[in-house]
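The values are calculated or read from the model by the stated rules, or taken from the named source; none is laboratory data. Every value quoted in this text rests on a predicted model; they were computed, and no experiment measured them. Backbone-built Cβ (ideal geometry, glycine too); neighbour counts: all protein chains shown. Keep in mind that these areas ignore ligands, DNA and RNA; they rest on the heavy atoms of the full protein, side chains included. Shrake-Rupley method; radii C 1.70, N 1.55, O 1.52, S 1.80 Å.
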Amino acid sequence: YSLQVVPQHRDEQGRLESVVVATHNISMVKHAEELSYQDKLTGLRNRNYLESRGDSLVNEDLPVSVIMVDCNYLKRTNDIYGHEMGDELLRRTASVLRRVAGADYLPMRLGGDEFIFAMPGFHSAAAADVARRLIDVFSRPFEVGGHELTVTPSLGISIYPHDGYDLETLLRNADTAMYQAKEIGRNAFQFYSSEMNSKSLDRLLMESNLRRALNQNEFVLHYQPL
């Protein structure tokens, strides 16, 4: 309940004689707010919740570790076995993330097969320990609908304040590190480094140049039999 007290009447000396007290039941408002912070499929916290806590996470003197988790092969499960089994695999994945997190921090689902841990007070060594535990628990296949399904995570880690002073920057850098982990073979984790941005820009430039060269017929094929 919320309580509002409004002065209503004063005597000739200005002394308060009466007030109006209004109460409002805000249970429905709180319930709606709670639902807006929850991912319907997995029951985890969602992007709305993360954004609502963003400022409080990075406005303290403590380090904050952000781990971006991309669960490879979830999309392939949808394509091969259908969305019902894919959804069940997502729920199993969420359950594993909760178990690894324990009571110390909350895993969140950003969307699709991407999850995130935002962990106040965790320095790089502690974040690496969490990443190793995640890789270890995902090394065992899930049994879903009579099938053994494997999820191999790629994890990217950024640390406040070293890798960014706001949540948006930390998320972007963790995402960059996560794609680097994919490139080295998946089932791995990488810490963010500034050199990763340079490599990403070089790759985008190369892709752009290749597309332009194809459109302008600038490739020449040379054939040499061996």
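Nearest 0.05, what FRET efficiency do residue 193 and residue 218 give at R0 = 30 Å with Cβ-Cβ as r?
Details: r = 34 Å, r/R0 = 1.13.
Between residue 193 and residue 218 the formula returns 0.30.
Rolling a 1.4 angstrom probe over the protein heavy atoms with all chains in place gives region 50-116 an accessible area of 49 Å² per residue. Normalised by residue number, the volume inside the convex hull of the Cα atoms of region 125-216 is 150 Å³ per residue. Taking the square roots of 5 times each eigenvalue of the Cα gyration tensor of region 82-126, largest first, gives ellipsoid semi-axes of 25, 11, 7 Å.
Want the number for residue 209 to residue 87: 0.36 nm per residue separation, take away the alpha-carbon distance, what's left? Provide the component values of the computation, followed by the final result.
Values: separation 122, 0.36 × 122 = 43.92 nm, distance 3.90 nm.
So the chain would gain 40.0 nm between residue 209 and residue 87.
If the Kirkwood radius is taken over C-alpha pairs of region 59-108, then at 20 °C and 1.002 mPa s the Stokes-Einstein diffusion coefficient equals 167 µm²/s.
Between Rg and the Kirkwood Rh of region 44-175, both from Cα atoms, what is the Rg to Rh ratio? Intermediate values should be presented prior to the final figure.
On the way: Rg = 15.1 Å, Rh = 15.2 Å.
Here the Rg-to-Rh quotient is 0.99.
Semi-axes of the equivalent ellipsoid for region 160-199, computed as √(5λ) from the eigenvalues of its C-alpha gyration tensor and ordered from largest down, come to 19, 10, 8 Å. Over region 126-226, Cα pairs under 8 Å with separation of 6+ residues give a relative contact order of 21 percent.
When the chymotrypsin sites (Phe, Trp or Tyr not before Pro) in region 101-186 are filtered for DSSP coil states and for at most 15 other beta-carbon atoms within 10 Å of their beta-carbon, the remaining sites are 165.
The simple Förster model, with R0 at 35 Å and r as the Cβ-Cβ distance, assigns residue 55 and residue 95 a FRET efficiency of 0.70.
Dipole check for region 58-145: with +1 at the C-beta of Lys and Arg, -1 at the C-beta of Asp and Glu, and the Cα centre as origin, the magnitude is about 220 Debye.
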